[in-house]
Each structure stands twice: as C-alpha cells, then as structure tokens.
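Report on one structure; see the data block that follows.
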Amino acid sequence: LYGVNSPGGTVNYVLKRPTADPFTSLTAQFRTHGGYYGAIDSGGPLSSDGTLGYRVNFAGEKMGDFSHAGDLGKLFASAAIDWKPGERLLVRLDGDYQWRSLAAQPVVGPQPDGSLPPYFNPRTSLGQPWLRYRTETLNLGARVDYQLPGSWRFTTQAAFSRNVRDAAFPDVYSVDASGNILSGDIYLSPGQSYRVWSTNSFLSGDVRTGPLN
C-alpha cells in the first residue's frame, strides 16, 4: 500500500510525552567500523503544582561500513510541552528536528543474461562519500483537548512539516569480469523542498439510542 519498494509501510510516529517525576537518561554506544551513537532523554515538571511539564530528546549517530567511514550520519532533537491549567483543558506543544546524510548507493542492474555482475559483493558499499543523499526535516505541532460534561471531548490540532532533501541516485549499468564499472550515470537533484500544513478538529463521546450504544 505504501512505499516505492517491497516491502513498504507506514510508521505511527509519536513523540515522548512529559513525565510527572523528573528524570534524565543517557545512552552511549561504540560500534565496529568507526560507528557510535549517543542520546539523552530528559523530562519532568516545570511548575510546582505539576500543571506544566516538559520532555526533551537529543541523539546523534554515525555509521561506517566496509569500504569507507562516514557512510551514514544522523542527528535528532525533539521537545514536548504539556500544560493543564484546569481539570478539563490540556494543551500540548511538540517539535522535532531531524538531519540525515547517507552515501548514496547505486542501483545495480543485471547482466544481459539476467545474472548479477561478476565479483559483486552485496555487503560492499558502491557509493562514494562525496555523493550524499541528505534530508533535513522540521515538524511543529499543537493540540488542545477539552473535556465536555459527561463523556464528550473536543479536540483540535494543527501541524506544520518542512522537508528539504538533496536527492542523489547513482546507477550502474554494466560491469566487466574484473568488477570494473563500464557504464552508469548519476541523478542529482539538490534543494528539493516540501511543506505541509494540516489541521483537524473532532468531537468524541458516547451515544445511546434504543439498543445501540
């Protein structure tokens, strides 16, 4: 249903919410091929009465591979604010920023007889460090929940998303018996920008009529 490759899919993306008790969590990892990962997750109340809370996350990652370092780099930052001025009203503010830079990998076509190119190791990166597929994403959102009398609740929310990417797709068409690339090309489209505004409001609750609930 979704995605240009098989398998494809969708992800329900939910930010971490503020917590009633203060806490901070640190994560650090060191990996083979020059890779590392670090993250901090912190949250808690901002007011003495507990009506205002926060949650922030920061993370960074670098991954190497079998042919060159710096194959993949990622940065992430998010913040969430919850404000509950009364028993019936809850206001939520969210924001996150993501940056990703990947050494673009080529699509390798089959030989004329349908076989894979000779001496092709699928675990080896064929991309070059100077050809990067970069994406930069900013998401902002706000949501208001109001509890009406009884079981009814009114919700309204709005969001803005901005994505900028440098698309890079190298292609390999033919390879000789020694593994040398004989022909190919590169598709490069820098500065692609996408902006999305979205909003919705809805009313939810229980209705009883005759035998139906």
Checking Ala159 against (1) within 20 Å of the chain's Cα centre (by Cα); (2) open to solvent by 90 Å² or more (accessible area, probe 1.4 Å): exactly one of these is not met. Which one? (2)
Out of the residues in the stretch 73-91 that are in contact (Cβ under 8 Å) with a residue 60 or more places away in the chain and in a strand (DSSP E or B), which is farthest from the chain's Cα centre (by Cα)? Asp82
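Based on what the data block shows, is Gly53 closer than 28 Å to Leu148 by Cβ, assigned to a strand (DSSP E or B), at pLDDT 85 or above and open to solvent by less than 30 Å² (accessible area, probe 1.4 Å)? First the steps, then the outcome.
Numbers: closer than 28 Å to Leu148 by Cβ: yes; assigned to a strand (DSSP E or B): yes; at pLDDT 85 or above: yes; open to solvent by less than 30 Å² (accessible area, probe 1.4 Å): yes.
Answer is yes for this residue.
The values are calculated or read from the model by the stated rules, or taken from the named source; none is laboratory data. Not measured: the values here are computed from a predicted model. As a convention, Cβ positions derive from the backbone with ideal geometry for all residues, glycine included, and neighbour counts pool all protein chains shown. Please note that ligands, DNA and RNA were not included when accessible areas were found on the heavy atoms of the full protein model with its side chains. Shrake-Rupley method; radii C 1.70, N 1.55, O 1.52, S 1.80 Å.
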